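Structure, as structure tokens:
The values are calculated or read from the model by the stated rules, or taken from the named source; none is laboratory data. Remember, predicted model here, so these are calculated numbers, not experimental data. Because the Cβ atoms are built from the backbone with ideal geometry, glycine has one as well, and the counts that use them run over all protein chains shown. These accessible areas exclude ligands, DNA and RNA; they are computed on the full protein's heavy atoms, side chains included. Shrake-Rupley method; radii C 1.70, N 1.55, O 1.52, S 1.80 Å.
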Amino acid sequence: LQGIFVLGLPYALLHSGYSGLLLIILAAGLCCYTGKILIACLYEENEDGQLLRVRDTYEDIANACCRKLSPRLGGIVVNVTQVMELIMTCVLYLVVSGNLLSHSFPYVPMTEKTWCVIVFVTLLPCVFIKTLKTVSKLSQLCSLAHFITILVVMTYCLTQIHHWSWATFRLSIEFEDFLVSVGVIIFSYTSQIFLPALEGNMENPGEFRCMLNWTHFFACVLKTTFALAAFLTWGEETKEVITDNLPPFLQTLVNLCLLTKAIFSYPLPFFAATEVVCACVSRINHYNYVSPLFTLGVRSSFLLLTLLMAVFIPHFALLMGLTGSVTGAAMTFLLPSLFHLKLKWKKLSFFETCADISVFILGLLCSLAGIVCSITGLLEVL
């Protein structure tokens, strides 16, 4: 909930004004709610009224909902959406890496696209990763780099508190810019694809709802504080990646920390995406063995795909907004509420039914509008 994409929130506030602050809070509440109902779909009551965990994954929930249409239709939809989100996350890591390097070394005659290619070369060993254990070792530096970055940015912002002006906040906003901001904010909260595995590995799954409440509360407080402090510091000059606003002596240090985080964060979504594809192929062939050559081909193709997308769509905020509007809204709002209605319809109270329908409609509207506006913005820039 506090990943590298929090760096795009000040830019989202630039285009959404006061409504952006409300949206950060609203998104936290809605994402917390959909996380709870998604986990509720893993359980069914037995004859004694006791809840039993009869499903293990997001895919299992989707297959249960679509069983009458096709045994695997729901799982296919979820897997496709999940792979899209993971691949787009990888693309965003490449885009932000190129952005960070170009601003860290402005005197080097290289474009952001060239820097993306250089980062891509360092990521080539990812095609040989075979286990999650390797990924975990690469990810150990991510949290440290992230906290150093947030600490430096917040400390600098607090030293500029005498320059803060609430006049920079706008009441009237451009509707299209606001919708792109919606996608950015939603994407910064997406975690639903990890929740079933997380809940299943808790020592006391009964504390899951309490855990979800507190984590989203603190995430909301931290996101709001960070975005607000950064925006009040730079106002209309706020850039897509907030670290670009720092003075040169801090910018290089912070950007190198972020570059470390981005590079070492890339293997996790990349590995997860390729594993989903290979697992699907394995099920289609009705055996658990996938040729190493095929796996290598999938990983190489995905790696090259992320580079091509990063080179041709090098705009962090717009790309993040598009991802949030497409996959983020689907996995976070649309599918959890739809699955909950389908599986628990007879047991839901009137209030719960209305809440699920409202979340679904809201997610659908935000998704469609965000997609149109993000694509329009990207086409204009390109």
Restricted to region 56-87, and to residues that are polar (S, T, N, Q) and outside any helix (DSSP H, G or I), which residue is modelled with the highest pLDDT?
Thr57
Sort out which residues of region 102-127 are part of a helix (DSSP H, G or I) and in contact (Cβ under 8 Å) with a residue 40 or more places away in the chain, and write them in order of number.
His103, Ser104, Glu112, Lys113, Cys116, Val117, Val119, Phe120, Thr122, Leu124, Cys126, Val127
Return only the number of the condition from (1) open to solvent by 50 Å² or more (accessible area, probe 1.4 Å); (2) among the charged types (D, E, K, R); (3) more than 19 Å from Asp60 (Cβ to Cβ) that Asp356 does not satisfy.
(1)
Filtered residues of region 246-285 (kept if free of Cβ contacts under 8 Å to residues at least 24 places away in the same chain and either crowded, with 19+ Cβ neighbours inside 10 Å or among the aliphatic types (A, V, I, L, M) (or both))
Ala279, Val281, Ile284
By residue number, the members of region 130-149 that are surrounded by fewer than 18 Cβ atoms within 10 Å (Cβ to Cβ) and of a type outside the set (S, T, N, Q) are Lys130, Leu132, Lys133, Lys137, Leu141, Leu144, Phe147, Ile148
Only one of Glu203, Glu207 that is loosely packed, with under 13 Cβ neighbours inside 10 Å and in a helix (DSSP H, G or I):
Glu207
Selection over region 41-53 where residues are part of a loop (DSSP other than H, G, I, E, B), at negative phi and at pLDDT below 90 yields a count of 4
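Suppose the filter is assigned to a helix (DSSP H, G or I) and at pLDDT 85 or above; does Leu94 pass it? Full working, then the answer.
Numbers: assigned to a helix (DSSP H, G or I): yes; at pLDDT 85 or above: yes.
The answer is yes for Leu94.
Within region 23-40, is even one residue in a helix (DSSP H, G or I), aliphatic (A, V, I, L, M), without any contact (Cβ under 8 Å) to a residue 40 or more places away in the chain and out of contact with any Gly (no Cβ under 6 Å at 6 or more places or on another chain)? Spell out how you get there, then give the answer.
Quick first cut of region 23-40, residues in a helix (DSSP H, G or I) only: 23-40.
Still in the running and aliphatic (A, V, I, L, M): 23-28, 30, 37-40.
Next, from what is left, pick out any that are without any contact (Cβ under 8 Å) to a residue 40 or more places away in the chain: 26.
Then keep just the ones that are out of contact with any Gly (no Cβ under 6 Å at 6 or more places or on another chain); that gives 26.
Yes, the conditions are met somewhere in region 23-40.
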Can you pull out the residues in region 341-353 that are open to solvent by 100 Å² or more (accessible area, probe 1.4 Å) and either within 14 Å of Ala40 (Cβ to Cβ) or in contact (Cβ under 8 Å) with a residue 12 or more places away in the chain (or both)?
Lys342, Trp345, Lys346, Lys347
Residue check for Val83: in contact (Cβ under 8 Å) with a residue 24 or more places away in the chain, β-branched (Val, Ile, Thr) and open to solvent by 20 Å² or more (accessible area, probe 1.4 Å):
yes
I'd like to know if region 131-147 contains one or more residues that are assigned to a loop (DSSP other than H, G, I, E, B) and at pLDDT below 90.
yes
When both residues are 6+ apart or on different chains and their Cβ atoms are under 6 Å apart, which pairs have a first residue that lies in region 300-313 and is under 10 Å from Cys90 (Cα atoms) and surrounded by fewer than 19 Cβ atoms within 10 Å (Cβ to Cβ), and a second that is of a type outside the set (A, V, I, L, M, F, W, C) and at pLDDT 90 or above?
none
Would you pick out the residues in region 311-341 that are within 18 Å of Glu112 (Cβ to Cβ) and modelled with pLDDT of 80 or more?
Val311
